[in-house]
1. Would you please give the FRET efficiency between A:N94 and A:D146, computed as 1/(1 + (r/R0)^6) with r the Cβ-Cβ distance and R0 = 45 Å, to the nearest 0.05?
2. Based on the alpha carbons, how large is the Rg to Rh ratio for segment B:370-437 when Rh follows Kirkwood?
3. Nearest-5 percent of antiparallel DSSP beta bridges in the protein assembly as shown?
4. Rank the residues B:I258, A:I316 as a footprinting-exposure proxy: fewest other Cβ atoms within 10 Å of their Cβ go first.
5. Find, among the trypsin sites (Lys or Arg not before Pro) in segment B:1-88, those assigned to loop by DSSP (not H, G, I, E, B) with at most 11 other beta-carbon atoms within 10 angstrom.
6. Please list, in chain and number order, the residues 5+ apart from B:I258 or on another chain whose amide H is under 5 Å from its amide H, with Hs placed from the backbone.
7. Need one number: nm distance between label points at A:D125 and A:K25, each 7 Å from Cα along Cα→Cβ, rounded to one decimal.
8. How large is the dipole of segment B:314-469 about the Cα centre if only Lys and Arg carry +1 and Asp and Glu carry -1, each at its Cβ, rounded to the nearest 20 debye?
There are 2 protein chains.
Amino acid sequence: MKVIIVGGVAGGASCAARLRRLDEKAEILMVERGPYVSYANCGLPYHVGGSIEKESSLLVATEQTFREQFAIDCRTRCEVVGISSKEKTVQVKNHATGEVTTERYDKLVLSPGAAPIRPPLPGIDLPGIFSVRTVPDARSIREWLDRGAADGCGMNSYTGFQTVTKPNRAVVVGGGFIGLEMVENLVHRGLEVTLVEKLNQVMPPLDPEMARLVERYMVKHGVRLELNDGVAGFQQSADGSLEVLTSSGKKHPACIVILAIGVRAETALAKMAGLEIGQRGGIRVDEQMRTSNPDIFAVGDAVEVKDFVTGQWALIPLAGPANRQGRIAADVIAGRNSRFRGTQGTSICQIFEAAIAQTGASEKLLTQLGDKDFEKIYLYPNSHAGYYPGAKMLAIKVLFRKSDGRLLGAQVLGEDGVPKRIDSFAMAIQMGCTIYDLEESELCYAPPYGSAKDPVNFAGMVAADVLRGDMPLCHWNSVGNGFLLDVRNPPELAVESVPGAVNIPLPALRARLGELPRDREILVICRSAQRAYYATRILLQNGFKVRNISGGMLSRSMLMAN
Amino acid sequence: MKVIIVGGVAGGASCAARLRRLDEKAEILMVERGPYVSYANCGLPYHVGGSIEKESSLLVATEQTFREQFAIDCRTRCEVVGISSKEKTVQVKNHATGEVTTERYDKLVLSPGAAPIRPPLPGIDLPGIFSVRTVPDARSIREWLDRGAADGCGMNSYTGFQTVTKPNRAVVVGGGFIGLEMVENLVHRGLEVTLVEKLNQVMPPLDPEMARLVERYMVKHGVRLELNDGVAGFQQSADGSLEVLTSSGKKHPACIVILAIGVRAETALAKMAGLEIGQRGGIRVDEQMRTSNPDIFAVGDAVEVKDFVTGQWALIPLAGPANRQGRIAADVIAGRNSRFRGTQGTSICQIFEAAIAQTGASEKLLTQLGDKDFEKIYLYPNSHAGYYPGAKMLAIKVLFRKSDGRLLGAQVLGEDGVPKRIDSFAMAIQMGCTIYDLEESELCYAPPYGSAKDPVNFAGMVAADVLRGDMPLCHWNSVGNGFLLDVRNPPELAVESVPGAVNIPLPALRARLGELPRDREILVICRSAQRAYYATRILLQNGFKVRNISGGMLSRSMLMAN
């Protein structure tokens, strides 16, 4: 059996190595267009920023590894330029020699990835405009940043013998994962960075009010945020520096521009082979990673996958799923019955001292799908016991099904303990947890690491209070003409208060029930909604109509920034 | 309805607050023997060590909070000294006045906790010997450490105007959680610390080979470890300093002794009320925290709970379960149908720069129970992508059922990323995950936080390789007379090698199969068992009888230290 694998990075490399483990006899040819296989593309922004110093650190496994350890015919700088699915052959062009050879396959695996989008805008090909996909891309960016730049662009730095002018202004176009990682890393290198994003938020998979928190970290670190403004073109000024022109007519000067608008599944080969393409533009595969042609498999960023929370097809260009898919394709080719379970879009991104992470469905997505059977809560617990030094506030949004309590999604931001919580939520979603299960979870606790009630438990308890009817909930965008009751203490109100809200501190509430209306719905406010919950319980049991405003003043500041 | 709650810390305080939320009208009396309610007993060692500077930080909620926010009659320094379950009354003694009053209850909740064991050894009452249970305990220890100690015991420190001699030698008796936390905090304060432990390992819930790693951190930080040696008594030397005498006849000088031998469920009141006591010496309760008397509930460290992994009754003195039990008792008293699901013993402990964590069953426990339907694996993955700075090796042991792959337990030690992994395992065990589920988990990955194959996925993959028969496994303690094949590279062998093992580096293996015996079982070794896995696959498919030694050289160093 001869298997040809097109693309030697995450999905392709995982497939090749797994297939060899399962089948010592198979003839395996792995063809990679670029100069490297199995490199750490997720590390590229950090190599540009300098946290990962050496380029060689990014090379997880080399051509030699594949040849020697796995007996795989691994060819870099070789590109599959043609497919005949009828004859089961591919044309492989060797970029070093220009030679094109024909290779026969029994099974073909496509792992071409997704290419950074480069819209055909005026000036898009000017020098100094980069994408971030490959090791050579990162190298070019580093070289551009390290070398003296054009006049009018840069800061002088005395390096001993000569004055070198280095680029000092960057524009990053696109506020997704790669865009944000590049922003952070360029700031880390000392550049002034402007982030231009067409949408009204960074990090599109997040809900916008959570994105607000990410944006605050950007602004705190001096990043100029230009939301709601697309790029219209690029031009070179007289002194050689770049200008980024936006739809709104602004001009942003730049010594370097990073394009991180998004990626597009590479489907040229798939189309050439007549394979089915999905509605989202990715290669359509079944649970076993088989395309519409039973001898051709596809994995990684080029394929559409099922989001198992929403049941929708999605393009989710993440490394974890790509690797899993590669192994599953290998299993199936080797005669096993493995199946890809779909994806839940778990992701995390470092934002300077903070991390933002997400798993499952967002409110935005559920709303788009017309789903109305969900509720959301906001909470702001400490990352670990508040009495132990270093505790940081986490901002958590949790989505769950109203009808049965099933956990649908979570978004977590904070400076400590984010991975711990998002992975608990991720495992919970995978296993079909309800919020009632989260209440009972036994997670690790010692003062430096958590709380006796972990934030994940706390999320379950708050959500369960809502579904059990113990705490009717409302949100800042639906307060209507409710009677606003603020149960905080007067010094807190002096800092920030809600116009029109009546203040009765929680300890005084039982004695002052007579001051509250019985004919209007009372909406209770405190800092984080905890004391408001206690107040809600008192009022409910005294016959008032009452709801707690989720997340209190803390969520107000997120939502009001919208 | 009048509810009396005996004990105002974790379980009792949770019960009281929850009950008030559910029932505005109930009369709630919470009686606490000590001066404080709802204090952070988990923080006491860190207050002694100074990381938590102020005693007031430990007081999570005060008597006043309970009175004002929760309208609870909260009485500190009051002790329940008698129960008549027939008359449904308790005798409450006010330690301030000496007065004893009788209080009637409809429902009674016992949350007396567990008391540090103080065996009746010679000299046990000498000054300078402390337990760590309450805020006053911590205060006494701090005062003892801060004040000038007896002659012959201490280091001189010049504090400006006078020379103060402070204690400089401590003996901690008992290597469980509190013992280890006290060791760390005393080292942090600059004391020379000796840890005396009767068993052959610290941290008894761990398997001994994992405890070895904890012990290495102790030794690295200068702690004198005295395992397999119990305390026989204490004496005061002529200069006033203490000596700890051990069963083996050793004498350890000490300026302060911390007793952390373990705790004993406080059952005096329960016995007085004629309640059923379990075989392990804790109060027996049902899933609703009801004792053998339907009007009396019990929660927290004093009760026996079901370990839901093994189905055994256990005493698990942890804060998380205590709080959950308190809330459940309140629910049931308020007429709800809540049930405690049991415990899985999830715990974590800081060991200087490392953390050790555990969830589910240990090998030791399974073996004690005569369970043979389990397998174990060891793995040593990086805490995050190896190419990103700061990655640290994790040591992970995972236990799973051979017959169906169900995850039974996990132990994780490392200097980074431990809470993230143990909580994923904990959630997985709660939800009845198999190791096949772990393979497919979608956990968060970005270079600073994880890997595309997270250690949790990796654990699932290794275990699944075993159960699918792709990688027959053996362990260092059962190599028997197998043929040892080391597939590492020669420079690695120069550092450490296994006597009698034949070396064929992995890349040369396919060409040198002729050198291997076909009539003996081949046991493959490498550093962490990954290359050995590749070798195992090659050999299996070439008709050899072969097994991989789990965890390779890294687990050998743990197991050989046993």
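Just so it is clear, none of the values below were taken in a lab; they were calculated from the coordinates. Keep in mind the model is a prediction, meaning the values are calculated, not measured. Neighbour counts are summed over all protein chains in view; Cβ atoms, including those assigned to glycine, are modelled from backbone coordinates with ideal geometry.
1. Computed FRET efficiency for A:N94 and A:D146: 0.90.
2. When Rh is taken as the Kirkwood radius, the ratio is 1.03.
3. 60 percent
4. Least to most surrounded, the residues fall as A:I316, B:I258.
5. Numbers: sites: B:K2, B:R18, B:R20, B:R21, B:K25, B:R33, B:K54, B:R67, B:R75, B:R77, B:K86, B:K88; in loops: B:K25, B:R33, B:K54, B:R77, B:K86, B:K88.
In loop regions of segment B:1-88 (DSSP not H, G, I, E or B), the sparsely surrounded trypsin sites (Lys or Arg not before Pro) are B:K25, B:K54, B:K86.
6. B:F130, B:V171, B:V172, B:V173
7. Here the answer is 5.2 nm between the modelled labels.
8. Dipole of segment B:314-469, to the nearest 20 debye: 480 debye.
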